[in-house]
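Colleague: Here it is, the structure, as structure tokens.
The values are calculated or read from the model by the stated rules, or taken from the named source; none is laboratory data. All figures in this text were calculated on a predicted structure; none of them were measured in a lab. Note that we place each Cβ from the backbone using ideal geometry, even for glycine, and neighbour counts take in every protein chain shown. These accessible areas exclude ligands, DNA and RNA; they are computed on the full protein's heavy atoms, side chains included. Shrake-Rupley method; radii C 1.70, N 1.55, O 1.52, S 1.80 Å.
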Amino acid sequence: MPLEAGLLEILACPACHSPLEERNTELVCTGQDCGLAYPVRDGIPVLLVDEARRPQ
């Protein structure tokens, strides 16, 4: 279930404050040095660094 465009525009990575991009079931940080991927569960973004997946 895609997030509302307006919501995605105001969300930012909690770790580096870069914009987030929606990919499949995650929100991925667009920061070059960060790249954390945050899960979206039941349509709700979980923006906790401890829950984020590290880039590979």
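Colleague: May I ask you to list the residues in the stretch 31-52 that are open to solvent by 70 Å² or more (accessible area, probe 1.4 Å) and farther than 18 Å from Pro2 by Cα? Show your work before the answer.
Modeller: If we filter the stretch 31-52 for residues that are open to solvent by 70 Å² or more (accessible area, probe 1.4 Å), which is where we start, we get 32-33, 41-42, 44, 48, 50-51.
Gln32, Asp33, Leu48, Asp50, Glu51, listed by residue number.
Colleague: List every residue pair whose Cβ atoms sit under 7 Å apart, with the two residues 6 or more apart in sequence or on different chains, where the first one lies in the stretch 26-49 and is on the phi > 0 side of the Ramachandran plot and the second, anywhere, is of a type outside the set (Ser, Thr, Tyr) and open to solvent by 30 Å² or more (accessible area, probe 1.4 Å).
Modeller: Gly35/Pro55; Gly43/Met1
Colleague: Can you tell me which residues in the stretch 21-30 are open to solvent by 30 Å² or more (accessible area, probe 1.4 Å) and of a type in the set (Val, Ile, Thr)? Give the steps one after another, and end with the answer.
Modeller: Applying the first criterion (open to solvent by 30 Å² or more (accessible area, probe 1.4 Å)) to the stretch 21-30 yields 21-26, 30.
Listed by number, the residues that qualify are Thr25, Thr30.
Colleague: Continuing with this model, one more query. Please work out if Cys13 is out of contact with any strand residue (DSSP E or B) (no Cβ under 8 Å at 6 or more places or on another chain), open to solvent by less than 70 Å² (accessible area, probe 1.4 Å) and of a type in the set (A, V, I, L, M, F, W, C).
Modeller: When the stated conditions are applied, Cys13 does not pass them.
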